[in-house]
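Below: one structure, written as structure tokens.
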Amino acid sequence: MENIRGNKTATIGLDQRYQPLHVEAIKVDGLPAMRTLWRPTPDEMRRLVRMEPVVVTILGNVHPPIRIDVEDSARHPNPGD
């Protein structure tokens, strides 16, 4: 997956050995949150069409609350541009 810029307000992880992560500061139900946008590769799209599962891996032993959505291109015609 490619992490796309979207309306990024920050880039985190620059000093770590992981891919830098473009994030957007948002509010969810009035609470502070961060949002990242990802674009599947062609191979990942083929696997998604075959209904293969999306895997989320959290480092550490505490799982923070997360939410996974699919961008609505009708509301956001150019996500990540």
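The values are calculated or read from the model by the stated rules, or taken from the named source; none is laboratory data. All figures in this text were calculated on a predicted structure; none of them were measured in a lab. When we count neighbours, we look across all protein chains shown, and the Cβ atoms used for this are built from the backbone with ideal geometry, even at glycine.
It is to be established whether one or more residues within segment 4-20 are surrounded by fewer than 10 Cβ atoms within 10 Å (Cβ to Cβ) and at pLDDT 80 or above.
No, there is no match, as no residue in segment 4-20 is surrounded by fewer than 10 Cβ atoms within 10 Å (Cβ to Cβ) and at pLDDT 80 or above.
Surrounded by 10 or more Cβ atoms within 10 Å (Cβ to Cβ) and over 12 Å from MET1 (Cβ atoms), is that true of MET51?
The answer is no for MET51.
What are the pairs, 6+ residues apart or on separate chains, where a residue within segment 1-19 that is within 21 Å of VAL54 (Cβ to Cβ) and without any contact (Cβ under 8 Å) to a residue 40 or more places away in the chain has its Cβ under 7 Å from a residue that is charged (D, E, K, R) and surrounded by 13 or more Cβ atoms within 10 Å (Cβ to Cβ)?
Final answer for the pair search is GLU2/ARG39.
Answer yes or no: is there a residue in segment 31-39 that is modelled with pLDDT of 85 or more, exposed (fewer than 10 other Cβ atoms within 10 Å of the Cβ) and either under 18 Å from GLU2 (Cβ atoms) or charged (D, E, K, R) (or both). Write out each step before concluding.
Filtering segment 31-39 down to residues modelled with pLDDT of 85 or more leaves 31-39.
Imposing the further condition that a residue be exposed (fewer than 10 other Cβ atoms within 10 Å of the Cβ) reduces the set to 31-32.
This time we only want the ones that are either under 18 Å from GLU2 (Cβ atoms) or charged (D, E, K, R) (or both), so: none.
Looking through segment 31-39, none of the residues is modelled with pLDDT of 85 or more, exposed (fewer than 10 other Cβ atoms within 10 Å of the Cβ) and either under 18 Å from GLU2 (Cβ atoms) or charged (D, E, K, R) (or both).
Looking at (1) assigned to a strand (DSSP E or B); (2) modelled with pLDDT of 80 or more, find the lone condition where MET45 falls short.
(1)
Looking only at segment 27-39, count how many residues are closer than 18 Å to ILE66 by Cβ and under 13 Å from the mean Cα position of the chain (by Cα).
The number of residues fulfilling the criteria is 6.
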